[in-house]
Amino acid sequence: MSESGDLTVCLTKADIARVKQLKKSTTFFWLDLLDPTSAELVEVGDLLGLHPLAIEDSQHFDQRPKLEEYDDYFFAVFFGAAPAGDRDRLVEVHIFFSHNFMVTVRRDQSAELDLLHRRPQTTSIAGPLLLHSVLDSLVDSFFPLLDEIDSELERIEAKIFRKELSRSDSEIHGVRSRLSHLSRIVHRQRDAMIRSTGGATAIAGLDGEAGPYFRDVTDHLMRMCETIDAYRDRTGSVTEIYLAAVANRQNVVMKQFTVIAGIFLPLTFLVGVFGQNFPWMIQHINGAAEFFVWGIVLPIVITIGLLFWFWRSGWLSEE
């Protein structure tokens, strides 16, 4: 817990006595709760006068992004990127914001919120500035995740161009699934901000002061939506490249089988002809020299001739 500064007090535990004291004063405070119990949420909600439905929402996660207006505060569900190793790489944060307090509830670690707690500047800002810092940090946390996806797409592209197609389809599917999940979250987050920004700033009594900060977060979300859409289009292009590479490999295999069949076809014909008991062959091909010429040299000459023809035609190359 950090209490340095005059404008904001940051609490990381449901200290009911301290919350009561701060509520009676004019000091703005931020209560950040990591995986609180239902009883703690209810107690904090009753103390701050939060609506029971909003408290019930904060007890259940896996919700969609939203921003709901109440009498003198608003309740928001906002998402950021979780550290590497998390199940879905997302951290869901429930935010209660009023003119004299902000409560955030989350179940997962968030490096961005933890960093805000450690920053000395956090205790020197309050109200919309602190809310903007929280929302902006959560939004910006997506960019390293998108950089990872960009690097993953580059790696898959290079792998395909090296003709290393093993497991490339499953890797492309994994990237597409991650982008689809991110797209749903970020687009809904952007839409919630666009729909509710005006009303949210109004009920908090912060029209003139908070509007630019909300618009800044909305602008970041819009740029992120464009980036995700571009990556989804790029994933489609990588899929087309992969399918083209697979089709090219199949063509090469079929071409190799065609070359083999083309070589053995005249040889089979030659063996079939000389396997017949024609009187001329019986009378004239009856020595070692004739056998060597007709049985060994001629098939070799035919094979070399066919291979040369295939090479000149480009059949022996993989392109």
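The values are calculated or read from the model by the stated rules, or taken from the named source; none is laboratory data. As the structure is a computational prediction, the values presented were derived from the model and not from experiment. We place every Cβ from the backbone using ideal geometry, glycine too, and count neighbours over all the protein chains shown.
Structural remarks
- Tally of residues being of a type in the set (Ser, Thr, Tyr), over 27 Å from Phe75 (Cα atoms) and part of a helix (DSSP H, G or I) across the stretch 119-166: 1
- For Leu165, the conditions (1) surrounded by 18 or more Cβ atoms within 10 Å (Cβ to Cβ); (2) closer than 30 Å to Ala244 by Cβ; (3) more than 14 Å from the chain's Cα centre (by Cα); (4) not polar (S, T, N, Q) are fulfilled apart from (1).
- Some residue of the stretch 97-108 being buried (at least 19 other Cβ atoms within 10 Å of the Cβ) and part of a helix (DSSP H, G or I): no
- Which numbered condition Pro65 fails, given (1) touching a residue at least 60 places away in the same chain (Cβ under 8 Å); (2) under 22 Å from Ala126 (Cβ atoms): (2)
- Here Asp150 passes the criteria (1) of a type outside the set (Ser, Thr, Tyr); (2) in contact with a Gly (Cβ under 8 Å, 6 or more places away or on another chain); (3) modelled with pLDDT of 90 or more except the one numbered (2).
- Any pair with Cβ under 8 angstrom, 6 or more apart, that starts in the stretch 175-196 at a residue that is closer than 17 Å to Val238 by Cβ and modelled with pLDDT of 90 or more and ends at one that is basic (Lys, Arg) and in a helix (DSSP H, G or I): Arg176/Arg232; Leu179/Arg232; Ser180/Arg232; Ser183/Arg232
- In the stretch 64-94, the residues that are within 25 Å of Glu148 (Cβ to Cβ) and modelled with pLDDT of 85 or more: Arg64, Pro65, Val77, Phe78, Phe79, Gly80, Ala81, Leu90, Val91, Glu92, Val93
- Restricting the stretch 33-63 to residues that are surrounded by 13 or more Cβ atoms within 10 Å (Cβ to Cβ) and charged (D, E, K, R), the residue that is nearest to the chain's Cα centre (by Cα): Asp57
- Residue match in the stretch 240-259 (condition: surrounded by 15 or more Cβ atoms within 10 Å (Cβ to Cβ), acidic (Asp, Glu), assigned by TED's automatic domain parsing to the domain that holds Ala76 and at pLDDT 80 or above): no
- From the options Lys24, Lys66, residue that is over 25 Å from Arg188 (Cα atoms), surrounded by fewer than 21 Cβ atoms within 10 Å (Cβ to Cβ) and among the basic types (Lys, Arg): Lys24
- The residues of the stretch 168-184 that are among the charged types (D, E, K, R) and buried (at least 16 other Cβ atoms within 10 Å of the Cβ), listed by number, are Glu171, Arg176, Arg178.
- Selection of the stretch 113-150 for residues being in contact with a Ser or Thr (Cβ under 6 Å, 6 or more places away or on another chain), surrounded by 22 or more Cβ atoms within 10 Å (Cβ to Cβ) and not hydrophobic (A, V, I, L, M, F, W, C) yields an empty set.
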